[in-house]
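Enquirer: Let me give you the structure first, and then I'll get to my questions.
Derivation of every value follows stated rules applied to the coordinates shown; laboratory data play no part. All values derive from a computational prediction rather than experimental measurement. Neighbour counts are summed over all protein chains in view; Cβ atoms, including those assigned to glycine, are modelled from backbone coordinates with ideal geometry.
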Amino acid sequence: MLDVALDAFCCTAKQASGNPSSMHWSGRAARRALDDARDTVAHALNTESGSLIFTAGGTEANNMAIYGSLMRAKQGNVVVSAIEHPSVLETIEHWCKHFGHDLNVIRPDRQGLMDAKKFCAALNEKTVFASLMWANNESGVIQPVHEIVKVCRQREIPCLIDGVQALGKIATDVKALDADFVSFSAHKIGGAKGVGVLVVRRGSALEPWLLGGGQERGRRSGTENVPGVVAFAAALGVMDYASCAHVRDDFEQYLKSLMPDVTVHGDKAERVANTSMFTVPGMDGETLLMQLDLAGFAVASGSACSSGKREPSHVLRAMGVDDRAARSSLRVSFGLEHSQEDAHALVDELVRIRALLRKMAGR
Ligand SMILES: Cc1ncc(COP(=O)(O)O)c(C=O)c1O
């Protein structure tokens, strides 16, 4: 967590510890803190405070939009990109099966970029829901969400944009996007884990799925995580990940200069500034990850959310990367605290580890 978010979290937990639904002074203080934070988050996203539903993270926000929309839909089909986060892809697969909708999964090109025309060509009069992420969590590639939302709006197809990886890294003007649902998560920008938001466009229908208290205007019951939401608002005030670009770009340049056989995925497309995903041929990604861990570097092989599963990344597979190369891939995310020296130290360590592993294998 960013210091500013942690301070806001602790201060709110101590000074506004009441339940925002309570009428007494302590509850009113918590309500004030929550309302102020809601206004700050709405302002940062350029939307109305009333359109926000605070959730326990991006996963819940995505689930909420998908279930809350499909629950009301007539029998039809759902169009989704193949590179969505599992909280979208698996949830859509689940509810399509349950409600009997057909599922149309659209693949990106080899750079991991969705072709807006191809995506829109899949939308038809039977489409009841569409979903595309703003930026991919593995490659960092920024997707043509504005074009797709425009077509969905014209055809009145409810549309979810998963903005979790875009927040703080590119402009996320929700009003200009005009999607029915946009999801965000606080911990991706230095807020607390377990805090997120679903932005619901005014007039878009959403069936509530957490019932029993009526919070969040009846759309998400459960006592609100006031310190978490206040910390989210505080983190939004300092987000500027674009400044990581020179560190990431320098990292990739240095990496390629010392390891020319490395492939950086999505590097020809526009990407968010902090993400680098690459294949080190002949090496096992998990082994590299563990060796780097011993050296003090925290990186991911494939998606962090699916680490622990030995399946190659579904994103790389969708980009046409073969399983062998996908299993040899690593993903590095740079934070505001990282310098070019850190980036070089990581490359030097990778070079050392590869040489060591090759020696051990007698290669
Ligand atoms: C694109 C994307 N969507 C959704 C999520 C889930 O967010 P959370 O961890 O807040 O549940 C993640 C998490 O990595 C993500 O990268």
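Enquirer: Looking at the chain, what % of the alpha carbon pairs are farther apart than 28 Å?
Expert: 46
Enquirer: Then there's this: Based on DSSP H runs of at least 4 residues, each adding -39500 (n - 2.57), what is the mean residue ellipticity at 222 nm of the chain after dividing by all its residues, to the nearest 500 deg cm²/dmol?
Expert: Using -39500 (n - 2.57) per qualifying helix, the result is -12500 deg cm²/dmol.
Enquirer: Shifting gears a bit: Using the charge dipole of the chain (Lys, Arg: +1 at Cβ; Asp, Glu: -1 at Cβ; taken about the Cα centre), state which of MET71, TRP209, ASN19 has its Cα farthest towards the positive end.
Expert: Working it through, the farthest residue towards the positive pole turns out to be MET71.
Enquirer: From the convex hull of the Cα coordinates of the stretch 199-342, what is the mean projected area in square nanometres?
Expert: For the stretch 199-342, the mean projected area of the Cα convex hull comes to 12.5 nm².
Enquirer: Hey, can you rank 312-325, 332-345 by average C-beta count inside 10 Å, highest first?
Expert: Order by mean packing, descending: 312-325, 332-345.
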